[in-house]
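Chemist: Sharing a structure, written as structure tokens. Questions coming.
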Amino acid sequence: MTDRYAVIGNPVAHSKSPLIHAEFARQTGHDISYGGLLAPLDGFRAAVLGFRDAGGSGLNVTLPFKHEAWRLADRRSERSERARAANTLTFDADGIAGDNTDGVGLVRDIEGNLGFGLSGKRLLVLGAGGAAWGIGLPLLAQGVARLTIANRTVSRAEELRRHLGEFANIVGCGFEDLAGTQFDLVINATSAGLSDEAPAIPKAVFAPGALAYEMVYGRATPFMAFARACGARVADGLGMLVEQAAESFFIWRGVRPETAPVIAKLRSET
Ligand code: ATR
């Protein structure tokens, strides 16, 4: 019998996850179906349970439901617990298991695909919303020298800093506090790009040879243009998208698909 999976979100029609998982299934010879599931903003729980009760095996969760998915899960991985968000739900006899593959997806893209080692690097994360919460700990685990979290609303940067607080080398601040400090890697985890804006950061934050990483994919954002004009190497979030999907596929199917051909295929289509 074909095992059924889907990505649940609102909106969801734009999602590339069905394409990605179809490629993984083809590559590994697994017999699965993977669709898109639009949930009403106030109907996430009912949609998840409905999918499960109709025989579904698992769900990927996208905006704006990742926090709600974490709350709904009966058991959670440590990385999901730390992120207070789940992007992968698995249904089994013991209930709903919640996991979060976003952080590991980002790390694999940066280190594996982009060849940028994180150990010892000075890292700046812009934003302190759900996206930033999801990546904080996995990045720290790679041994970065310093993590600075800068956000438009400084109190939210402070809150995330406190959450990650058992690590001493973290700073939470506003964008204007970045003046005079340089970073090897700047990750845009704000949603500013979705409204064609860039976080108001100083030009000089990019150290020579710095990498600027935009977590959004599928569009050239003002942050990417700004970073390029500042001389940084620029990457978008497409690789992360495929890597987090591969980790979800591994959780569900026990095999790790190859990501490089899928990333190349998606790039050639955009
Ligand atoms: P997500 O789950 O996508 O992170 P979120 O929790 O709403 O969504 O957080 C959005 C993030 O983008 C926040 O850090 C937000 O800053 P504030 O906390 O000050 O609201 C940031 N953001 C959104 N638009 C922005 C803009 N135009 N400039 C800078 N930061 C922006």
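Chemist: Whole-Hz Karplus ³J(HN,Hα) for the range 135-141, in order, using 6.51 cos²θ - 1.76 cosθ + 1.60 and θ = phi - 60°, x for Gly and Pro?
Modeler: Once rounded to whole Hz, the list reads 10, x, 6, x, 5, 4, 5.
Chemist: Right, here's the next one. Using the beta-carbon distance between Leu19 and Ala179 and R0 = 35 Å, what value does 1/(1 + (r/R0)^6) give for FRET efficiency, to the nearest 0.05? Don't jump to the answer; show the numbers that get you there.
Modeler: Working: r = 42 Å, r/R0 = 1.21.
Working from the Cβ atoms, E equals 0.25.
Chemist: Sticking with this structure for a sec: Just to confirm the number: angle between the C-alpha axis of helix 154-163 and the first principal axis of the chain, 0 to 90 degrees, nearest 10?
Modeler: 60
Chemist: Once you have the Cα-Cα distance between Val255 and Glu68, take 0.36 nm times their residue separation minus that, and quote the gain in nm to one decimal.
Modeler: Numbers: separation 187, 0.36 × 187 = 67.32 nm, distance 2.76 nm.
Using 0.36 nm per residue and subtracting the Cα-Cα distance, I get 64.6 nm.
Chemist: Plugging the Kirkwood radius over Cα pairs into Stokes-Einstein for the range 1-133, at a temperature of 10 °C and a viscosity of 1.306 mPa s, what D comes out in µm²/s?
Modeler: For the chosen part, D equals 100 µm²/s.
Chemist: As an exercise, use a Förster radius of 30 Å and the Cβ-Cβ distance of Ala141 and Ser195 to find the FRET efficiency, rounded to the nearest 0.05. Mind dumping the intermediate values first?
Modeler: Numbers: r = 32 Å, r/R0 = 1.05.
Calculated transfer efficiency: 0.40.
Chemist: Given the -39500 (n - 2.57) contribution per DSSP H run of 4+ residues, what per-residue ellipticity at 222 nm results for the chain, rounded to the nearest 500 deg cm²/dmol? Don't jump to the answer; show the numbers that get you there.
Modeler: Values: 10 runs with 96 residues, N = 270.
When only DSSP H runs of four or more count, the value is -10500 deg cm²/dmol.
Chemist: Another question about this same structure. Send over a whole-number figure in Å² for the accessible area per residue of the chain, probe 1.4 Å.
Modeler: Numbers: 11820 Å² over 270 residues.
I get 44 Å² per residue for this part.
Chemist: Right, here's the next one. Treating cross-link reach as a plain straight distance, find the lysines whose alpha-carbon is under 24 Å from the alpha-carbon of Lys16, omitting any fewer than eight places away in the same chain.
Modeler: Answer for Lys16, where 24 Å is the Cα cut-off: Lys66, Lys265, listed by chain and number.
Chemist: Accessible area of the chain with a 1.4 Å probe: how many percent of it is carbon plus sulfur? Kindly include the intermediate steps, with their values, before the conclusion.
Modeler: Numbers: 6060 of 11820 Å².
So the carbon and sulfur contribution to the accessible surface is 51 percent.
Chemist: Right, here's the next one. What is the spin-label model distance, in nm, from Glu166 to Asp94 if the labels are put 7 Å beyond Cα along the C-beta direction?
Modeler: Label at Glu166, label at Asp94, 2.1 nm between them.
Chemist: OK, next. Please report the antiparallel percentage of the DSSP beta bridges confined to the range 52-169, to the nearest 5. Please list the in-between numbers first.
Modeler: Working: 8 of 15 bridges.
Given both bridge residues lie in the range 52-169, the antiparallel proportion sits at roughly 55 percent.
Chemist: Applying 1/(1 + (r/R0)^6) with R0 = 35 Å to the Cβ-Cβ distance of Glu78 and Lys203, what FRET efficiency is obtained, to the nearest 0.05? Don't skip to the answer; put the middle values down first.
Modeler: Working: r = 38 Å, r/R0 = 1.09.
E(calc), rounded to 0.05, equals 0.40.
Chemist: Something else about it: Helix 260-269 versus the longest principal axis of the chain: what angle, 0 to 90°, nearest 10, using Cα atoms?
Modeler: 80
The values are calculated or read from the model by the stated rules, or taken from the named source; none is laboratory data. These figures come from a predicted structure and were not determined experimentally. FYI the Cβ positions are ideal-geometry reconstructions off the backbone, even for glycines, and counts take in every protein chain you see. What goes into the accessible areas is simple: the full protein's heavy atoms, side chains included, and nothing from ligands, DNA or RNA. Shrake-Rupley method; radii C 1.70, N 1.55, O 1.52, S 1.80 Å.
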